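Colleague: Sharing a structure here in structure tokens format.
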Amino acid sequence: MGKVYQRGGPSKGRMPHVIVNCAMTADGKIAGRERRQVRISSPEDVERVRRLRAEVDAVLVGVGTVLADDPHLTVKGASYEKSPLRIVLDSNGRTPEGARVLDGTARTMIATTSRCKRDWPNAEAVRLGEKKVDLPRLMKELDVRGVRTLLVEGGGEVIYSFFADDLVDEYRVFVGSKVLGGRKAPTPADGVGFDEPTCRKLHLVGSERLGDGILLSYEVTR
Ligand SMILES: NC(=O)c1ccc[n+]([C@@H]2O[C@H](COP(=O)([O-])OP(=O)(O)OC[C@H]3O[C@@H](n4cnc5c(N)ncnc54)[C@H](OP(=O)(O)O)[C@@H]3O)[C@@H](O)[C@H]2O)c1
């Protein structure tokens, strides 16, 4: 199991400590207008994310990211047992059988809903919620399974949902030196959005130059 963190305890009950991590361009996009993966991280940031994944118990993305990027979500060189649990939020069972998260090199959970009857090879389907995956229930399920640290890697819909359900403890964003533009290009937090009175407040706890970009680290204010 990875490092045990202090925050995320009393305010949320005994739940995983949630770190949201993503990379955005200097104009605030996490992918281009075609919603295809774009290299935004510097090599130094790629190495930082590799180390971060190796520290946590589970890594989570939405099915939108699986369909767009087909990530492995593994840690290079880590054994099956030592790799973090891979989790995909997929209410309607859209994860393709050939997806890299189903390659059997690490444990995988497809978090889906009661209306999805599908099962996948090399993955455990966990049905939580009716229309969308119920995140508070997922947190409880992960807590029971001993997951103490959860890394949420995207995309914009999923990150927004974690903020909307008040489940985020830390937000880390690498700002890369590119401009992508595109009014429909995804951003770190999409969803329906907050109004000013309900927007989530952050406290900047660190900034670090990593190659030709900067890592901003925040704690979520509660
Ligand atoms: N730069 C970066 O750091 C980074 C990282 C990751 C991804 N990306 C980019 O982000 C884009 C994908 O983002 P996205 O916003 O389209 O997709 P996403 O956030 O990866 O996945 C969203 C989907 O997850 C499913 N879902 C299930 N339960 C949910 C819940 N409780 N809350 C929210 N979603 C839930 C929904 O589909 P169902 O209703 O079908 O379940 C939803 O449409 C791609 O362009 C990718 O390249 C960038």
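The values are calculated or read from the model by the stated rules, or taken from the named source; none is laboratory data. These numbers were taken from a predicted model, which means no experiment stands behind them. Every residue, glycine as well, gets a Cβ built from its backbone with ideal geometry; the counts of neighbours run over all protein chains shown. We work out accessible area using only protein heavy atoms, side chains counted, and drop any ligands, DNA or RNA first. Shrake-Rupley method; radii C 1.70, N 1.55, O 1.52, S 1.80 Å.
Colleague: For the chain, what is the relative contact order in percent, using Cα pairs closer than 8 Å and at least 6 residues apart in sequence?
Modeller: 30 percent.
Colleague: May I ask which residue of C22, L204, V147 lies farthest towards the positive end of the charge dipole of the chain, with charges of +1 (Lys, Arg) and -1 (Asp, Glu) on Cβ and the Cα centre as origin?
Modeller: About the Cα centre, the residue reaching furthest to the positive side is V147.
Colleague: Another question about this same structure. May I ask you to give the solvent-accessible area per residue for segment 47-168, in square angstrom, as obtained with a 1.4 angstrom probe?
Modeller: Using a 1.4 Å probe on heavy atoms only, each residue of segment 47-168 averages 44 Å².
Colleague: Based solely on its DSSP helices, what 222 nm [θ] is calculated for the chain when runs of n ≥ 4 H residues each add -39,500 (n - 2.57) and the sum is averaged over all residues, nearest 500 deg cm²/dmol?
Modeller: For the chain, the value works out to -5000 deg cm²/dmol.
Colleague: Hey, another quick one. Distances longer than 21 Å among the Cα atoms of segment 29-103: what percent of all pairs is that?
Modeller: Of the Cα pairs, 32 percent sit more than 21 Å apart.
Colleague: Still on this structure, I have one more. Percent of accessible area on segment 11-105 owned by carbon and sulfur, 1.4 Å probe?
Modeller: The nonpolar share, carbon plus sulfur, comes to 47 percent.
Colleague: If you don't mind, another one. Over 31 Å between C-alpha atoms is what I'm after, so list which of K76/K201; K29/K76; K140/K178; K117/K178; K140/K184; K76/K178 land there.
Modeller: K76/K201; K140/K178; K117/K178; K140/K184
Colleague: Please give the length that would be gained between S79 and K184 if that part of the chain were fully extended, namely 0.36 nm times their separation in residues minus their C-alpha to C-alpha distance (nm, one decimal).
Modeller: Full extension from S79 to K184 adds 33.9 nm.
Colleague: Right, something else. Check each of the GluC sites (Glu not before Pro) in segment 11-91 and keep only those in coil by DSSP with at most 12 other C-beta atoms within 10 angstrom; list them in order.
Modeller: Counting only loop positions with at most 12 other Cβ atoms within 10 Å, the GluC sites (Glu not before Pro) in segment 11-91 are E34, E81.
Colleague: To continue, here is another question. Which of the three applies to segment 64-150, rounded, prolate or oblate, going by the alpha-carbon gyration tensor with a ≥ b ≥ c and a/c under 1.5 meaning rounded?
Modeller: Oblate, since a/c reaches 1.5 and b/c is not below a/b.
Colleague: Something else now. Per the 1.4 Å probe, what fraction of the accessible area of segment 134-222, in percent, lies on carbon and sulfur atoms?
Modeller: Looking at segment 134-222 in its full context, I get 50 percent from C and S.
Colleague: Could you tell me how many cubic angstrom of Cα convex hull volume segment 101-145 has per residue?
Modeller: Convex hull of Cα atoms, per residue: 68 Å³.
Colleague: A further question on this structure: Taking all protein chains together and a probe of 1.4 Å, list D27, D166 from the most accessible to the least accessible.
Modeller: Sorted descending by solvent-accessible area, the residues read D166, D27.
Colleague: With a cut-off of 15 Å, note down the residues of segment 141-173 whose backbone N falls inside the zone around a label point 7 Å from the Cα of L202 toward its beta carbon.
Modeller: Output list for this probe position: 152-154, 156-157, 159-164, 167-173.
Colleague: To the nearest 20 debye, what is the magnitude of the charge dipole of the chain about its Cα centre, counting +1 on the Cβ of each Lys and Arg and -1 on the Cβ of each Asp and Glu?
Modeller: 180 debye
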